[in-house]
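Read-outs: derived from the displayed coordinates by stated rules, not from any lab. Remember, predicted model here, so these are calculated numbers, not experimental data. All Cβ positions, even for glycine, are placed from backbone atoms using ideal geometry, and neighbour counts span all protein chains on display.
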Amino acid sequence: MKIGFVGLGQMGSHMARNLLKAGHEVTVFNRSPEKAHDLVAEGAARAASVAEACHGEAVFTMLAIDEAVENVTLGQGGIVASLRRGAVHISSSTISVRLARRLAAAHAAAGQRYVAAPVFGRPAAAAARQLFIVASGEESAIKSVEPLLEAIGQRTFLVGQEPERANLVKLSGNFLLGSVIEALGEAMALITKAGIDRQQYLEMLTSTLFNAPVYKTYGRLIAERAFEPPGFAALLGSKDIRLALEAAEDLRVPMPIASLLRDRFLVLLAHGGGNLDWSAIGELAERDSGGRGA
């Protein structure tokens, strides 16, 4: 398929590369042009603007925040203004439910199709084509882009025809991940202050009742205090918890743990940790206990 890809950060660059490897004709655009150099050397075409990335059957966006997705999609010379009728915008960004609704409405009014397809997985999973994709949108639109989703992930979960459903599922999942990180951090702080070896403790946890990728991945990062370079920045984790709480308020769903996480991220950001991996909130409990960095 002939497709465009907008947003070549840690995740987007790997996703675009896997689309190339799968034989698709990919045109890439990034606000910082140097991020496209490697992909162009590997066979991608370089777009000088968002509009130039919208000449194919579909265009992906993989951007960090609502404002960036809104500008690229709804702004002058953006996707809605440039994509041909019947073509598909696939948004893999983690965005708000409210923006997802706006994007779906704008594309429908322009005779285009919109699929929300946020992903679960860190950059290493993106590189290895091991992402889990949550997709929602018009059934025929999802069907038409199945080869593209198969090229970037190991499995796609369909959650309905309203695109915002996929974004709500993604936000709920990131809330759960943040909850695990906080709980791991508190447990690590407890045993560390008692003088118990952190690595030995993690090995016991992850080889018994907590034998799951989330505990292994984030447990290792917390145990080793390996928060740089970030696989997912704390600033973005904070944003996702805020968006989950926004959705919860709209739906009248109390989420007291999410409120706690919001405050934990605010503490981390206030101390200059916005560019650390979001698992760095797992070190706050140790600091609070008078341990490392207190």
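Taking the chain as the region of interest, the number of lysine pairs whose Cα atoms are within less than 20 Å, with members eight or more places apart or on different chains, is 4. Checking every one of the GluC sites (Glu not before Pro) in region 82-162 against DSSP loop status and a limit of 12 other Cβ atoms within 10 Å picks out no site at all. Loop-resident GluC sites (Glu not before Pro) (DSSP state other than H, G, I, E or B) in region 1-44 with no more than 12 further Cβ atoms inside 10 Å of their Cβ: Glu42.
Taking each residue as 0.36 nm, the span from Leu251 to Asn275 lengthens on full extension beyond its C-alpha to C-alpha distance by 5.5 nm.
Listed by number, the DSSP H helices of the chain that run 15 Å or longer by alpha-carbon position along their axis and have mean Kyte hydropathy of at least -0.5 are 97-109, 164-193, 213-224, 234-251, 256-270. For region 2-161, the orientation-averaged shadow of the C-alpha convex hull comes to 7.8 nm² (one quarter of the hull surface). Label positions at Lys21 and Glu139, each projected 7 Å from the Cα along the C-beta direction, are separated by 3.3 nm.
Could you compute the FRET efficiency for Ala124 and Leu176, with r as their C-beta to C-beta distance and R0 at 25 Å, rounded to 0.05? Here the calculated transfer efficiency is 0.80. Computed over the chain, relative contact order equals 14 percent, with contacts defined as Cα pairs under 8 Å that lie 6+ residues apart. Dividing the summed helix terms, -39500 (n - 2.57) for each DSSP H run of n ≥ 4, by the number of residues in the chain produces a 222 nm estimate of -15500 deg cm²/dmol to the nearest 500.
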